[in-house]
Amino acid sequence: MTESARVTESAAAVLREMRWWDIDPVLELERRLFPEDAWSRGMFWSELAHARGPQATRRYLVAEQGGRIVGYAGLVASGDQGDVQTIAVAGEYWGSGLGSRLLTELLRAATAFECAEVMLECRVDNVRAQKLYERFGFEPIGFRRGYYQPGNVDALVMRLTDPSASVPGTDRGTENNHA
Ligand SMILES: CC(C)(COP(=O)(O)OP(=O)(O)OC[C@H]1O[C@@H](n2cnc3c(N)ncnc32)[C@H](O)[C@@H]1OP(=O)(O)O)[C@@H](O)C(=O)NCCC(=O)NCCS
């Protein structure tokens, strides 16, 4: 299989904590997937600085397969609110269930942080991502006008109440959710 061939099953990808040495390959994916508003190296460093220890407020993950980073995601918890900061999957893995696995882990983290709700912003034209979030129970609650610059694209704000209910394997989880 060539590197760009479509991958239909994500089971072989391993999800693990993102570490500083992952930043370079993550940045490469970030620039490919978010060409207009990619995060900088410094932004990832600063997020990871809050991801360890008893005071940690962040959970960042990568998906790795065959030594290659093929996806990543991050969540910040502030008080009893979680925010999905980012979620991304290499193009050839789209539709493989990897986005669902990453989002499941973020919601597991939100549950561990005791978040009562999880928020996120998504470009209004990113229907694929919105469908993923809706399957997990996120609901649209409003817009942020011109949130994405350059381009002046609006963000759809979505909210999930009680993230623990969307995570399989928890007391209240169901098996039919993913993302
Ligand atoms: C949004 C994104 C993370 C989704 O990742 P993904 O890996 O494609 O997500 P999933 O595979 O879990 O789900 C997507 C689709 O695959 C389907 N799918 C899930 N598991 C599957 C499997 N095992 N086999 C085949 N298809 C599957 C889902 O039903 C879903 O289909 P639908 O969109 O028609 O309902 C990815 O498209 C991406 O990185 N986009 C660019 C960055 C981005 O926009 N990030 C979000 C910013 S708000």
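The values are calculated or read from the model by the stated rules, or taken from the named source; none is laboratory data. Quick caveat: nothing in here was measured; it's all calculated off a predicted structure. For neighbour counting, all protein chains shown are included, and Cβ atoms are generated from backbone atoms with ideal geometry for every residue, glycine included.
What to note about this one:
- Single residue of ALA73, ALA5, ALA51, ALA77 found to be touching a Lys or Arg at 6+ places or on another chain (Cβ under 9 Å) and in a loop (DSSP other than H, G, I, E, B): ALA51
Results for (1) loosely packed, with under 15 Cβ neighbours inside 10 Å; (2) touching a residue at least 24 places away in the same chain (Cβ under 8 Å); (3) more than 15 Å from the ligand (Cβ to nearest atom), shown as yes or no for each residue.
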| site | (1), (2), (3) |
| --- | --- |
| GLU17 | yes, yes, yes |
| ASP24 | yes, no, yes |
| ALA51 | no, yes, yes |
| GLN65 | no, yes, no |
| TYR72 | no, yes, no |
| ASP80 | yes, yes, yes |
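- Residue in segment 113-130 that is nearest to the chain's Cα centre (by Cα), counting only those that are outside any strand (DSSP E or B) and in contact (Cβ under 8 Å) with a residue 40 or more places away in the chain: ALA129
- The single condition from (1) under 24 Å from TYR148 (Cβ atoms); (2) away from the ligand (no atom under 15 Å from the Cβ); (3) polar (S, T, N, Q) that GLN85 fails is (2).
- Extreme residue, nearest to the ligand (Cβ to nearest atom), among residues of segment 37-48 that are of a type outside the set (A, V, I, L, M, F, W, C) and in contact with a strand residue (DSSP E or B) (Cβ under 7 Å, 6 or more places away or on another chain): ASP37
- Checked against (1) at pLDDT 95 or above; (2) of a type in the set (A, V, I, L, M, F, W, C); (3) under 15 Å from LEU102 (Cβ atoms), ALA11 passes all but a single condition, namely (1).
- In the set (1) crowded, with 17+ Cβ neighbours inside 10 Å; (2) closer than 21 Å to LEU132 by Cβ, PHE44 fails one condition alone, (2).
- Residue that is buried (at least 17 other Cβ atoms within 10 Å of the Cβ) and outside any strand (DSSP E or B), where the choices are TYR147, TYR133: TYR133
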